[in-house]
Amino acid sequence: MPEEQVAALYVWQTALGAAWFENLAYTEAILRHSADTALRSWNFARSGSEDWLRTPNSRLASLVKKSAKDAERQADTAKKRRAPDHPRKNSPVGLDDLIAQLSFGSISFLMPADPPTNRQSLRSGYTQRENLWKTGLLGAFPRLTEEAAKRWVVNLPADVPPDVVAGYAVGQALGRLLRLRNRIGHHEQILTVNHSRLRKDMTVLLRAVSPAASDALKRIDRVPRILAMKPISWTPVHVTNESVLS
């Protein structure tokens, strides 16, 4: 491929990555807030505290141990860096500060994504994440119907209970979006990514939280416009499961 075509392709991918980052940043903020709201209520009902990171219920503790530790460290660092005239210069680190430090991966980690190979060995019949979805995180996606989840989810074993299929649909979609974000963040190629599938993932996730949130993303989404500017001289020559992210 001539150098000028390589350069055009590089510039195009850089622009595409920037457009995706805008979408992912917006999506991450909406999903983090929705999951936090649901988990505050869930933890308060079981432990008398909204703080599901510092004083999590025993059924959540092992899932948030690392995220809580990382968030605490990062929030403490952010506090120390506050300017002298910062309105919260001497305020203690609170739950809101910790939530602000949670990564996209931290939220994705809470969702069911890998069904158990031996469900009979589970005392309740559900995994820890499946139980968390049923009793808590389901509330973060109030508009996600079972029918929509079944159309969206991929390759689940027949023994997965119907009441957690939606959780797997969300977990799988978050996993795909997280892999895309990591590829962009590490400057890896996204030329052969299934952009249509990933845009659908974002749309369905946000609509499951709030139609207004999904409509707002549609107004700022630059990905289709950038995709339409793809250099016409380029065609993919090698596609792998990893690169497709589907």
Convex hull (Cα only) mean projected area of region 58-188, reported in nm² to one decimal: 10.9 nm²
Where labels lie 7 Å past Cα in the beta-carbon direction, separation of ARG59 and GLU4 in nm: 6.4 nm
Solvent exposure ordering (accessible area, 1.4 Å, most first) of HIS86, HIS33: HIS33, HIS86
Whole-number percent relative contact order across the chain, with pairs defined as alpha carbons under 8 Å at least 6 apart: 28 percent
Given charges at beta-carbon only (K, R positive; D, E negative), |dipole| of the chain in Debye: 380 debye
Distance histogram for the chain (every C-alpha pair counted, 10 angstrom bins, percent rounded to whole numbers): 7, 27, 31, 23, 10, 3, 0
Rounded FRET efficiency, nearest 0.05, which uses the C-beta distance separating ALA15 from GLU146 and R0 of 41 Å: 0.60
Cα centre as origin, Lys/Arg/Asp/Glu Cβ charges: region 1-68 dipole, Debye: 720 debye
Cβ-based charge dipole, the chain, positive-most Cα from LEU16, GLN172, ALA212: ALA212
Cα-centred dipole magnitude for region 75-220, charges only on beta-carbon of K, R (+1) and D, E (-1), debye, nearest 20: 440 debye
FRET efficiency, ASP85 to ASN194 (Cβ-Cβ, R0 35 Å, nearest 0.05): 0.15
Mean projection area, nm², convex hull over Cα of region 43-87: 3.8 nm²
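The values are calculated or read from the model by the stated rules, or taken from the named source; none is laboratory data. These numbers come from a predicted model, not from an experiment. No Cβ is skipped: glycine too gets one built from the backbone with ideal geometry, and neighbour counts run over all protein chains shown. Keep in mind that these areas ignore ligands, DNA and RNA; they rest on the heavy atoms of the full protein, side chains included. Shrake-Rupley method; radii C 1.70, N 1.55, O 1.52, S 1.80 Å.
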